[in-house]
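Data first, discussion second: the structure below is written as structure tokens.
The numbers here are math on the coordinates, done by the rules we state, and not lab data. Predicted model, so just to flag it, every value in this text is computed and none were measured. A quick note on method: Cβ atoms are made from the backbone with ideal geometry, for glycine too, and the neighbour counts reach across all protein chains shown.
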Ligand SMILES: Nc1ncnc2c1ncn2[C@@H]1O[C@H](COP(=O)(O)OP(=O)(O)OP(=O)(O)O)[C@@H](O)[C@H]1O
């Protein structure tokens with residue numbers, strides 16, 4: 001049974017069509033790299049998967065058709081591109097908030113929840129971040145905190161929108177290793193929007209290429225990702241959505 005199936009998906013803004021006729025089905029567990037030039041619709045595609053952007057077509061999670069009025073399906077956790085926080089808050093409190101969908105409105109976070117936060121920060125090799133003020137962290141450290149918040153959700157599908165932004169070379173490699181571990185050790189399905197084609201070379205998975213400008217990037221020629229989704233994607237930008 002596919003973990004995610006997309007049938008004839010089309011997306012746009014204010015009458016402008018961005019993506020048309022995308023169809024594919026992905027089995028669990030899998031890694032899918034999503035590539036394409038700036039503005040081709042990668043982020044909007046993610047938004048349609050979490051039902052925060054309207055679309056034409058159908059989306060199925062574990063063979064169940066997703067109801068378009070349902071927001072944020074529980075099976076999906078997302079790391080978005082820019083997450084700003086304008087108030088003082090500790091790292092542990094941001095990470096634990098990843099559990100919000102498992103809690104009822106007045107339910108407090110427990111000691112066990114915070115133990116899980118510690119475990120995840122240790123897994124990310126940064127247990128020292130636990131008590132720190134989020135706004136005093138570097139961009140790369142903040143990105144690790146959002147990753148920890150995504151991990152604590154223990155969803156089936158992880159969507160990561162350019163997760164390596166702000167990360168140094170060491171943590172970029174850590175992140176790609178982490179995504180591989182999520183798939184191979186924890187049976188997750190990971191979709192990652194990235195411009196870091198170099199790190200894909202050694203990974204096993206699928207490549208979803210939304211680009212019309214660069215339909216065969218170098219990474220494909222090197223046959224690094226073993227299975228290539230041949231995206232059924234026809235872009236007709238002038239057509240009305
Ligand atoms: N709120 C909006 N209203 C109108 N157009 C928008 C809106 N948000 C995005 N767009 C346009 O939709 C197109 C797709 O944007 P999107 O953010 O999905 O691209 P992307 O492939 O993720 O780009 P990048 O690689 O730069 O992050 C772009 O041309 C963008 O300008």
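Some points to look at:
- Gap separating the Cα centres of the stretch 60-93 and the stretch 4-53, nearest whole Å: 16 Å
- In the chain, the longest principal axis of the Cα atoms and the axis of helix 169-184 are about 80 degrees apart.
- Computed from the Cβ-Cβ distance with R0 of 22 Å, the FRET efficiency linking residue 115 to residue 81 stands at 0.15.
- Label-point separation in nm, residue 133 to residue 23, each point 7 Å along Cα→Cβ: 5.5 nm
- Cα gyration tensor shape for the chain, rounded if a/c is under 1.5, else prolate or oblate: prolate
- Gyration tensor (alpha-carbon) shape descriptor, the stretch 119-165, a/c threshold 1.5: oblate
- From most to least packed by mean Cβ count within 10 Å, the peptides 173-182, 102-111 give 173-182, 102-111.
- Residues of the stretch 127-160 with an amide N closer than 19 Å to a point placed 7 Å from the Cα of residue 88 along the Cα-to-Cβ direction: 129-138.
- Global form of the stretch 1-44, assessed from the alpha-carbon gyration tensor, a/c cut-off 1.5: oblate
- Based on Cα atoms of the stretch 80-132, Rg over Rh with Rh as the Kirkwood radius reads 0.98.
- Rough spin-label spacing in nm, given labels placed 7 Å along Cα→Cβ, for residue 70 and residue 201: 4.2 nm
- Considering only the chain, percent of DSSP beta bridges that pair antiparallel, nearest 5: 45 percent
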